[in-house]
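Derivation of every value follows stated rules applied to the coordinates shown; laboratory data play no part. What you see is a predicted model; the values in this text were computed from it and never measured. Here the Cβ is made from the backbone with ideal geometry for all residues, glycine too, and neighbour counts use every protein chain on show.
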Amino acid sequence: MEVIFMRHGKAEEPGDLVLSDAERALTGEGRKKVENAAPGIAQFIRCGSSAVMIWSSPLLRAKQTAEIVASNLGKIKIQHYEAIAAGDLDMLIKEWGRLGDDVTLIIVGHEPYLSHWAEKLAGVRLVFKKGACAGFDVAVTNPAEGRLKWYATASILARLAKGK
């Protein structure tokens, strides 16, 4: 299977207008960058995937990012997992271990968890800037181990979407 980690877009800074971290929304700039990058993700989805699934953190900025990606990939259903917001990779591995080998799973989450997960899954150190993605090949027979296939920032994804 293919697992894609994606960091949410740029969000509002914590402050007086935002009641909690969970309620921080994408900024206009963050929304625009994700909208420009989302079509580029489609170019990385493995040919032959029978299904594309999106799992998202329940925090607003991640939910908004997932919604933009889902609408660009054909109205894919989004499932929200508290484990993503909590950084619980072990629980996510158990869940994705139940999926088929021909599935592409996009997980929209947060730093520093995504960097930690990439290192734990594939032994690579990546820094996930806002809107960045990394794709991993993961065998269903050993869902706790993967191989990095690609990494792209939001600006690279946007250029790919434009064919540049």
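Brief remarks follow.
- Per-residue extension of 0.36 nm, minus the Cα-Cα distance of Asp137 and Asp21, leaves a gain of 38.6 nm for this segment.
- FRET efficiency, Ser50 to Met91 (Cβ-Cβ, R0 25 Å, nearest 0.05): 0.55
- Relative contact order computed over the chain (Cα-Cα under 8 Å; 6+ residues apart), in percent: 34
- C-alpha long axis of helix 28-41 to longest principal axis of the chain, angle in °: 20
- Sorting the segments 120-126, 61-67 by their residues' average number of neighbouring beta-carbon atoms within 10 angstrom, most packed first, yields 61-67, 120-126.
- Most fluctuating residue given options Ala154, Ala51, Ala70, as computed from a GNM of the chain linking Cα atoms under 10 Å: Ala51
- Compared with the dominant principal axis of the Cα atoms in the chain, helix 60-72 is inclined by about 60°.
- Charge tally for Ala132 (other residues, Cβ to Cβ under 10 Å; Lys, Arg +1; Asp, Glu -1): +2.
- If the chain linking Lys162 and Lys75 were pulled fully straight, counting 0.36 nm for each residue of separation and taking away their Cα-Cα distance, it would gain 29.2 nm.
- Taking a straight line from the alpha carbon of Lys120, these aspartates and glutamates sit under 13 Å away, with near neighbours fewer than eight places off in the same chain left out: Asp88, Asp90, Glu145.
- DSSP beta bridges confined to the chain are antiparallel in about 45 percent of cases.
- If you run the Gaussian network model on the chain, springs between alpha carbon atoms under 10 Å, then out of Gly87, Gly135, Gly15 the most flexible one is Gly15.
- Helix axis angle, 113-122 relative to the chain longest principal axis, alpha carbon, degrees: 10
- One decimal place: the segment Arg125-Glu12 gains 38.0 nm when fully extended, by the rule 0.36 nm per residue minus the C-alpha distance.
- GNM result for the chain, Cα springs below 10 Å: residue of Arg98, Arg147, Arg31 fluctuating most strongly: Arg98
- Legend: translational diffusion of segment 2-161 by Stokes-Einstein, Rh = Kirkwood radius over C-alpha pairs, 20 °C, 1.002 mPa s; D = 139 µm²/s.
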